[in-house]
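The values are calculated or read from the model by the stated rules, or taken from the named source; none is laboratory data. Since the model is a prediction, treat every value here as computed from it, not as a measurement. Please note: Cβ atoms are built from the backbone with ideal geometry, for glycine as well, and neighbour counts cover all protein chains shown. Just the protein is used for accessible areas: all its heavy atoms, side chains included, with ligands, DNA and RNA removed. Shrake-Rupley method; radii C 1.70, N 1.55, O 1.52, S 1.80 Å.
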Amino acid sequence: MFNRRWSIALLILLGGFLYTLVQFIISTNRLQHQVDNLLPGQAQAVPSHRIMLISQELDNPYWRSIEQGARAAAGKYGMDFEYTGPLRINPEEQLSLLEQAIASRPSAIIVQGTGGADSKELIDRAAALGIPVVTVDADEPGSHRLFYVGSDNLTAGEEMGRLVAEAADGKGTVGVLVGTARADSQRLRLEGLRSIIASYPEMKIADVRTSDISRLQASEQTRSLLAAHPDLKAVVGFSALDGLGALDAVRQLKTNRLLFAFDDLDETKEAVQKGLIKLTLVQQPLEMGSTAITLLHDYFQGKSVPDVSYTTIRLLGDSSNAKPDGEGAP
Ligand code: BGC
């Protein structure tokens, strides 16, 4: 009799325990379901790759376009994206930013090839640590960068040479402004221009000056070029603000020359429309940024990526040999 009572009591206890357990499991599942609904896809939203872009000059409009293209593409792929660069063009600072970037171990780094052994050494150090480095705008030949995205600068320089020679009727002296003598992109543009001008016996490159990608310096260098070579027929600017700097100079001197530019900053487009700048070769910085990220995404997915991806160059302006209006044209 006593045992039976105990058995019944034990059964009731066991039943109660099982009931509580089942209720606990049901409510835990319900809670988990509610949390999952509140944070849909949160697991995928955690950025899996951190990409750093180091520019030649932080607020230069051309570099801001590369940043914009890269940032938008990085957002699309759920990548974490950081942009940095020297306040004013400074290759040493650019390299020290690259060194700091490597130390922070990102998934990949996008840089402009600054030219020189120290740049190669740093890119190779990153590659040896398993951090892919991609070059944009200017390549770093001979380094272990993963790939290059940007213009075909040799072809662009040759194209500029043909356009200048055509506009100048194959005669006269030309002054050239380069953003920096170090970067491969500027070196190649100059090489291309020289090779074409050399095929015109009555044409000559009078001088090549450096603007440090500054409009003010481009203007000062143009004034000094014109003082040293008063018969200069044309000025070619090889970085985004050089054409506008050359225009500032000829305006100040109240003279007129054939001016050739690169890129399509708003003021450059306006000057081309007004015929103050003969023409400009327009690069695609937005596309450079987005292509660099897209190819990195492919690379992370295990796909093969091309060694070089050239973005297009578009001509804006007058490619005829019509002379500029106004007095003072030589
Ligand atoms: C060049 C860049 C330079 C930029 C800004 C572009 O034409 O390709 O190397 O940084 O101009 O001046």
> What tally of residues in the stretch 155-171 results from selecting those that are among the small types (Gly, Ala, Ser) and surrounded by fewer than 20 Cβ atoms within 10 Å (Cβ to Cβ)?
Replying inline: 1
>> Of everything in the stretch 277-299, what is more than 16 Å from the ligand (Cβ to nearest atom) and open to solvent by 60 Å² or more (accessible area, probe 1.4 Å)? Give them in sequence order.
In response: Tyr299
> (1) within 20 Å of the chain's Cα centre (by Cα); (2) polar (S, T, N, Q); (3) part of a loop (DSSP other than H, G, I, E, B): which one isn't true of Thr280, the others all being true?
Replying inline: (3)
>> So, Pro330, is that one outside any helix (DSSP H, G or I) and at pLDDT below 95 or not?
In response: yes
>> I need a count of the residues in the stretch 30-61 that are outside any loop (DSSP other than H, G, I, E, B) and at pLDDT 65 or above.
In response: 7
> So how many residues does the stretch 66-90 have that are open to solvent by 30 Å² or more (accessible area, probe 1.4 Å), within 14 Å of the ligand (Cβ to nearest atom) and assigned to a helix (DSSP H, G or I)?
Replying inline: 0
> All but one of (1) free of Cβ contacts under 8 Å to residues at least 40 places away in the same chain; (2) in contact with a strand residue (DSSP E or B) (Cβ under 8 Å, 6 or more places away or on another chain) hold for Pro201; which doesn't?
Replying inline: (2)
>> Which residue is farthest from the ligand (Cβ to nearest atom), if the candidates are limited to the stretch 105-154 and must be of a type in the set (Ser, Thr, Tyr) and without any contact (Cβ under 8 Å) to a residue 40 or more places away in the chain?
In response: Ser143
>> For the stretch 201-217, give me each residue that is more than 15 Å from the ligand (Cβ to nearest atom) and either surrounded by 21 or more Cβ atoms within 10 Å (Cβ to Cβ) or not small (Gly, Ala, Ser) (or both).
In response: Pro201, Glu202, Met203, Lys204, Ile205, Asp207, Val208
> Do we have Glu220 as within 18 Å of Ile89 (Cβ to Cβ), surrounded by fewer than 24 Cβ atoms within 10 Å (Cβ to Cβ) and not assigned by TED's automatic domain parsing to the domain that holds Arg88 here?
Replying inline: yes
> Can you name the number of the only condition in (1) farther than 30 Å from Glu202 by Cβ; (2) within 15 Å of the chain's Cα centre (by Cα) that Asp152 fails?
Replying inline: (1)
> What is the number of the single condition among (1) touching a helix residue (DSSP H, G or I) at 6+ places or on another chain (Cβ under 8 Å); (2) of a type outside the set (A, V, I, L, M, F, W, C); (3) surrounded by 19 or more Cβ atoms within 10 Å (Cβ to Cβ) that Ser320 does not meet?
Replying inline: (3)
> Which ranges mark the strands (runs of 3 or more DSSP E) fully within the stretch 118-207 that have 2 or more residues being within 29 Å of Ala249 (Cα to Cα) and modelled with pLDDT of 95 or more?
Replying inline: 172-178
>> For the stretch 176-200, give me the residue count where each residue is within 16 Å of Leu163 (Cα to Cα) and either more than 10 Å from the ligand (Cβ to nearest atom) or in contact with a Pro (Cβ under 9 Å, 6 or more places away or on another chain) (or both).
In response: 12
> If you take the residues of the stretch 249-267 that are within 15 Å of the ligand (Cβ to nearest atom) and assigned to a helix (DSSP H, G or I), which of them is least open to solvent (accessible area, probe 1.4 Å)?
Replying inline: Glu267
